[in-house]
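Working notes for the structure below.
Every number here is computed from the coordinates shown, using simple stated rules; none is lab data. Since we're looking at a predicted model, the values are computed, not measured. Ideal geometry is used to build each Cβ from the backbone, glycine not excepted, and the neighbour counts take in all protein chains shown.
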Amino acid sequence: MSIIAEGYNSFETDKTPEGTVMFLPDPKAVIGLLQSGKLKDHILLAEGGTTTFLAPALSMGAIGVLTLSGAPESHLGILSREFQIPCIMTTYLCDSDSRYVTGGNNGAHFAAVTAALNGKRVRLHCTDGDLGRVELLA
Amino acid sequence: MAAKYTQRYESNDNGLRFQELTYTGNFVGLEPVPDGILGDRIMKSRAQSHVLEQVSEADVRVDDFTIPELNDLNNYLAWNIWDVLVMRATEGASGMIPRQEYEILAMMHEFYRWPELLRMTTDEVGVDGVIAIGASARQEIGTKVNCVHDWSIGAVGFGMGRCGLLALEVIEANDYIEESNTILKFMQRVQWGKRQDGWILNSQNRYRCQIHEPALLDKLAMLLERCEPGSPSHDQLIRFNAAAELLSFLDHFDCRLGLGDTGPYRLANGNLLIIRDLFCNEDAYHWSDVCDHENVPHCYTVLLEIDAEAMALEEIRVNDISTTFTRPKNYIPHVVGGAVLVREKWDTPMGEVYPVSIAELGPRLTGIQNATFKLYSKLARMCRRQLITNGMYVYYVGMILPHLRKAGTYDKACADYQLWEIDQRISNYYYDITKRGFAKTTVPNKIFSGAGYLPFGENADRRRSKYLWS
């Protein structure tokens, strides 16, 4: 198993969703994905750990979520648990020492993680109480 | 593995740690304070007064707090804010709603404006009336007189509002003492009336919010439908709960005011009951028109029966912002019963609150999903200024709205006190909060390190005021 990224696990689940990572930079991209009818093909990647940004995607049945910030106590962490949508938060790359810093200038970190994950086919592993893992699929 | 959560209620138990971070605040040089039951115990032990102990009705009737009491409340609320919010603070920018910006403006606005509104309300209904506002929550569901709103009066309006103004260097530590007293007394009286166990916060009583009268709980327990995990009814209930919770967050601009948990209540069969109010349509907000169009009521109350033994529950917290957290984290697969009730409007009498069977939730779920998408599309079209202004209203008006409504002083607040106007000082601060990272870095650091909650001077005169009482 090739684990390329890890982060806070929102909640423990045996679900192992697979899909192509899609970075969603703004609300237009969220609406566009919903209107494409391909929501369930993708693991969604968002910068923030708030709920509102991904609201309609959660409501319409997103299969898995990655964020670049936030924690299980964040609104998105809470809602992913309620929807039982596997969610890994404050995701970082395993082959890099770069980490998210609360209140810091995270632009370069976000860009690096996004570049490494966007478009990749992955599977999420969320059985651990604390750590969620992102497996790269061939 | 057997459930161990009842150990958390033993007097010498220190609870689990939900996070690795620790808190310092105004206790530089002392051992850092952790989260949870142990943190509460340490904070109480450092108090200079008795205000953090169980208080009596005679205590809450006293007109104001002493300086040591004010400082103890300031320190405890600062820790409590850290306890419930420090991990949430990692969530960064919304991508949609400039929440940090609207939050800090609203908090500061609250500190400036709430004292006269809360004093007017106390004058109108008396101390008994303020206590009765809190007590009303004991016999109602679907009421916003709840943990998060009551906590917000002191923690947000006084605690974080004062902290923000100190950080902006527009007030000093000994300013607005009388106003601080007005805010905190109002909070204490409402909380005391609601809880009636002498504590004013859930964290002071091992994160329990067991406020409802037995007669109401008995009625609600009779409505619970079996829904075994994996069954269609379980899926339906869980999807409904999640979708309604999401809309409640969205309608409240991504803040926790849309959600209100109480409990955990132990049922006759040993399972735990969480009572969850989900405020999906707040008619005070103009953007809620999309909820009206989808016939979404003011509040859906979801009852969740949790099999604590099957879950091997180790700890359950209903924290002071009305949110339930457990260890293990995922309680959803262990929900074995549930029910949904509807309160159409905020003032619908309790006798007219009605249940909806789980099998009949489908059309209501569709309405929630439609309203969510419409509201999202509406918010996506709002400019930054509109989003910040609306978010400010959700905090500044929304946090005391249920108390003013219950007291019957909302209309007076609007007509005579210009409730919906924004103080000119706050309007001017709008241009300052984005400078030098004030909203996104300075204030969060002051709040979550605890360094920004400066104490009142030991010899300060508690009558000190800068308010221009009309």
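Here are some notes:
- Electrostatic dipole magnitude of segment A:3-136 [Cβ: Lys, Arg +1; Asp, Glu -1; Cα centre; debye, to 20]: 440 debye
- Cα-based reach from residue B:412 at 15 Å (exclusive), listing aspartates and glutamates while leaving out same-chain residues under 8 positions away: B:116, B:123, B:124, B:421
- B:360, A:12 arranged by Cβ crowding within 10 Å, fewest neighbours leading: B:360, A:12
- Loop GluC sites (Glu not before Pro), segment B:1-71 (other Cβ atoms within 10 Å of the site Cβ: 10 or fewer; DSSP): B:10, B:20
- Anchor residue A:28: aspartates and glutamates whose Cα lies under 17 Å away (excluding residues fewer than 8 positions away in-chain): A:47
- Dipole magnitude of segment B:65-201 about its Cα centre (Cβ charges: Lys, Arg +1; Asp, Glu -1), debye to nearest 20: 440 debye
- Counting every other Cβ atom within 10 Å of each residue's Cβ, B:187, B:350 order from fewest to most as B:350, B:187.
- Local net charge near residue B:439, Cβ-Cβ under 11 Å (Lys/Arg +1, Asp/Glu -1): +1
- Projecting the Cα atoms of A:37, A:76, B:410 onto the charge dipole of the protein assembly as shown, computed from C-beta unit charges around the Cα centre, puts A:37 farthest toward the positive end.
- Distance between modelled label sites at residue B:53 and residue B:13, nm, 7 Å Cα→Cβ extension: 2.5 nm
- When both segment B:25-41 and segment B:138-152 are represented by their alpha-carbon centers, they are found 28 Å apart.
- Relative packing of B:453-459, A:48-54, B:97-103, which averages over residues the other C-beta atoms within 10 Å, highest first: A:48-54, B:97-103, B:453-459
- If the segment from residue B:466 to residue B:27 were pulled out straight at 0.36 nm per residue, it would be longer than the present Cα-Cα gap by 155.2 nm.
- For A:101-110, mean number of other protein chain Cβ atoms within 10 Å: 3
- Positive-pole candidate from B:80, B:97, B:107, dipole of segment B:78-124, charges at beta carbon: B:97
- Gain upon complete extension [residue B:309, residue B:359; 0.36 nm per residue less C-alpha separation]: 15.3 nm
- Exceeding the 26 Å Cα-Cα cut-off - candidates A:38/B:374; B:44/B:406; A:15/B:440; B:44/B:466: B:44/B:406; A:15/B:440; B:44/B:466
- The ellipsoid that matches the Cα gyration tensor of segment B:52-165 has semi-axes, each √(5λ) in whole angstrom, of 27, 18, 16, with the longest given first.
- Taking Cα centre as origin and charging only the Cβ of basic (Lys, Arg, +1) and acidic (Asp, Glu, -1) residues, the dipole magnitude of chain B rounds to 820 debye.
- 20 Å-binned pair-distance histogram of the protein assembly as shown (Cα, whole percent): 21, 58, 21, 0
- Averaged over peptide B:208-221, the number of partner chain Cβ atoms lying within 10 Å of each residue's Cβ comes to 0.
- Annotation: the antiparallel percentage among DSSP beta bridges lying fully within segment A:3-136 is about 65.
- Rg over Rh [alpha-carbon atoms, Kirkwood Rh] for chain B: 0.94
- Stretchable slack from residue B:292 to residue B:170, in nm (0.36 nm times residue separation minus alpha-carbon distance): 39.8 nm
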